[in-house]
């Protein structure tokens with residue numbers, strides 16, 4: 001019965017590989033659909049924060065003249081749109097629409113004593129036009145909050161007295177400043193309104209009136225201010241988010257999603273779904289970066305964002321600071337205009353790369369009817385890869401693991417299909433690179449150690465059991481009876497290089513099997529827009545390394561599973577503690593470089609810029625400079641030196657990194673493909689150089705220090 005189960009297990013292993021290959025082939029059409037979608041939106045919109053310009057102008061001797069000049073300058077530089085916020089008393093005062101006073105200041109203004117027991121807000125409009133256009137939005141705001149107010153005038157100017165303190169009055173959210181909207185529109189700019197969810201409760205009639213007014217100014221997309229989209233707070237009680245989404249559809253307006261927020265704006269995913277994913281991604285250049293970065297660096301950053309992260313809107317912030325050395329007020333508007341303009345400016349550089357200025361549209365997302373059953377096939381392939389990984393370490397479990405995986409995936413799909421897809425994608429992403437290097441290690445073992453147990457069900461080919469039996473017996477535990485060797489009989493250099501290159505290619509192909517599975521399972525547009533993300537990046541960066549290390553150390557005859565117990569029973573020494581600390585530091589540094597927030601050195605930034613400028617796409621450093629070359633060198637040396645097997649563990653970084661590149665689902669597929677191929681090509685070249693260098697050093701040692709070489713090879 002045991003032998004029959006072993007036979008079934010070996011056949012199941014073959015079938016699982018076939019299922020995995022079928023899933024890989026099935027996912028490729030989904031990749032083609034995604035690439036077509038990624039080509040459907042190429043226009044770029046440049047947006048400037050109008051509030052920042054107002055704040056800069058307010059600190060100038062002639063604010064209105066300065067404002068007109070800078071608007072003209074920015075328009076000529078390529079800024080097409082101005083972002084406007086819902087107003088407040090403070091912002092309206094900075095804009096010159098009104099002036100507000102406390103009870104004490106109002107009394108001083110009129111030459112009176114401060115009224116006792118009163119702490120009101122006195123507001124004067126700065127002219128008849130301001131009273132006509134700004135007065136209604138001020139009164140509406142106080143009506144919403146049930147604040148009592150009455151008319152007031154002084155010095156020929158009309159206003160109101162609001163019976164709340166200034167500290168509370170300036171916190172009230174007002175409608176958009178209609179005079180600013182007119183100024184921006186008349187200057188030839190588009191308008192990007194920043195809506196908030198601070199006006200509560202949600203008022204559908206008022207919101208529709210607002211959107212109708214904005215639609216009259218040509219608004220086709222909205223951006224949100226704060227940590228919630230409009231309508232999110234009252235969704236549970238009033239379905240306000242659904243209503244707001246329907247209004248956006250009615251007026252043919254989309255939304256902009258801000259990149260790299262610490263926490264996504266609440267309700268953005270729901271709103272994206274309601275609007276049929278009429279969403280574009282927006283990158284915001286901070287005030288500090290706009291003031292301190294060189295124009296060329298800003299242009300390079302924008303190009304990378306458009307090309308690698310599907311950014312289609314750039315939001316630019318200006319600022320004003322006091323320069324004590326020059327004893328004057330300086331602002332960033334001129335610097336930003338310079339960065340936008342010229343042949344090497346942002347607009348020209350992105351246009352040369354195919355991203356022309358214009359009104360960005362959402363990606364054309366229309367999944368074909370066959371995509372759902374194809375994704376089911378891909379999901380089964382992911383389960384197969386995970387079962388193969390488990391079976392590589394635990395003999396005889398391919399069939400039960402696969403069945404359990406299918407049943408568990410089906411149950412999880414019923415509960416949360418997104419979690420199921422992300423879990424299978426992560427499992428496949430870990431499994432494939434690990435399986436590739438497990439396959440490599442088995443090839444190495446077969447040509448070096450020889451008399452070892454192949455994990456997964458096969459018996460010892462040579463050797464004796466603990467009971468002295470020469471032939472394999474069911475259930476017996478076998479050991480390698482030969483003395484452990486650190487140096488193996490030499491093959492010819494050409495033979496070793498040919499095997500190493502062949503193994504590298506096959507391992508890479510096995511690792512890359514995870515790529516179609518990942519983008520096949522996570523083919524929803526929500527991943528391209530980063531409304532959802534590939535989960536488990538840190539686990540992906542650690543698990544294959546750990547699993548390959550376990551396989552190298554515990555499954556090679558040098559340290560068998562049977563010897564694990566004595567190892568664990570050894571006392572912890574200072575050496576072990578130091579070694580663990582070193583490994584921890586290396587691991588922390590390695591993880592600190594992963595993800596979007598990974599840290600890089602200034603030298604690497606220079607090299608990155610060189611690669612971007614010359615190749616358009618930069619391969620990953622850890623692939624072409626570290627992991628790929630060392631893996632090729634390690635495979636070459638592993639046929640001669642046992643210690644070189646450790647380089648296979650280091651090489652696992654490159655294999656998993658290739659898969660991780662495609663896990664950045666907001667990056668276009670063709671960009672990820674070029675990046676991986678460049679990394680492989682460059683890494684192989686560097687690896688060949690390392691092999692040649694090793695051969696030269698080894699040859700020199702054999703010639704000039706033969707005694708040392710002889711002692712080493714005989715040890």
Among the residues listed as 634, 651, 679, the single one being in a helix (DSSP H, G or I), buried (at least 18 other Cβ atoms within 10 Å of the Cβ) and free of Cβ contacts under 8 Å to residues at least 24 places away in the same chain | 634
So which residues in segment 667-691 are within 19 Å of residue 428 (Cα to Cα) and touching a helix residue (DSSP H, G or I) at 6+ places or on another chain (Cβ under 6 Å)?
-> 669, 672, 676
Residues of segment 77-116 being out of contact with any helix residue (DSSP H, G or I) (no Cβ under 8 Å at 6 or more places or on another chain) and within 28 Å of residue 357 (Cβ to Cβ), which ones?
-> 80, 81, 86
Residue 288, sole failed condition from (1) surrounded by 14 or more Cβ atoms within 10 Å (Cβ to Cβ); (2) part of a helix (DSSP H, G or I); (3) within 26 Å of the chain's Cα centre (by Cα) = (1)
Please work out if residue 77 is under 30 Å from residue 376 (Cβ atoms) and within 31 Å of the chain's Cα centre (by Cα).
-> no
Of all residues in segment 655-676, how many are free of Cβ contacts under 8 Å to residues at least 12 places away in the same chain and either surrounded by 19 or more Cβ atoms within 10 Å (Cβ to Cβ) or within 16 Å of the chain's Cα centre (by Cα) (or both)?
-> 1
Single condition residue 9 does not satisfy, out of (1) assigned to a helix (DSSP H, G or I); (2) closer than 30 Å to residue 329 by Cα; (3) more than 33 Å from the chain's Cα centre (by Cα) = (2)
One residue from 56, 138, 84 being in a strand (DSSP E or B) and in contact (Cβ under 8 Å) with a residue 12 or more places away in the chain = 84
Pairs where the first residue, in segment 287-299, is under 13 Å from residue 317 (Cα atoms) and the second is not in a helix (DSSP H, G or I), C-beta under 6 Å, 6+ apart | 287/317; 287/319; 290/317; 290/332; 291/319; 291/332
Looking only at segment 167-177, decide whether some residue is surrounded by fewer than 16 Cβ atoms within 10 Å (Cβ to Cβ) and in a helix (DSSP H, G or I).
-> yes
Matching residues, segment 531-565, being at pLDDT 70 or above and part of a loop (DSSP other than H, G, I, E, B) = 531, 532, 533, 534, 535, 536, 555
Scan segment 353-367 and give yes if some residue there is touching a residue at least 12 places away in the same chain (Cβ under 8 Å) and part of a strand (DSSP E or B), otherwise no.
-> yes
Return a yes/no flag: does segment 69-79 have any residue that is in contact with a strand residue (DSSP E or B) (Cβ under 6 Å, 6 or more places away or on another chain), touching a residue at least 60 places away in the same chain (Cβ under 8 Å), in a loop (DSSP other than H, G, I, E, B) and surrounded by fewer than 18 Cβ atoms within 10 Å (Cβ to Cβ).
-> no
Taking the condition closer than 23 Å to residue 309 by Cβ and either at pLDDT below 65 or touching a strand residue (DSSP E or B) at 6+ places or on another chain (Cβ under 7 Å) (or both), does residue 657 pass?
-> no
Residue count for segment 260-273, restricted to those that are in contact with a helix residue (DSSP H, G or I) (Cβ under 7 Å, 6 or more places away or on another chain), buried (at least 19 other Cβ atoms within 10 Å of the Cβ) and not in a loop (DSSP other than H, G, I, E, B) | 1
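The values are calculated or read from the model by the stated rules, or taken from the named source; none is laboratory data. Note that the structure is a prediction, hence the values are computed from the model and not measured. Positions of Cβ are generated from backbone atoms using ideal geometry, with glycine treated the same way; all protein chains shown enter the neighbour counts.
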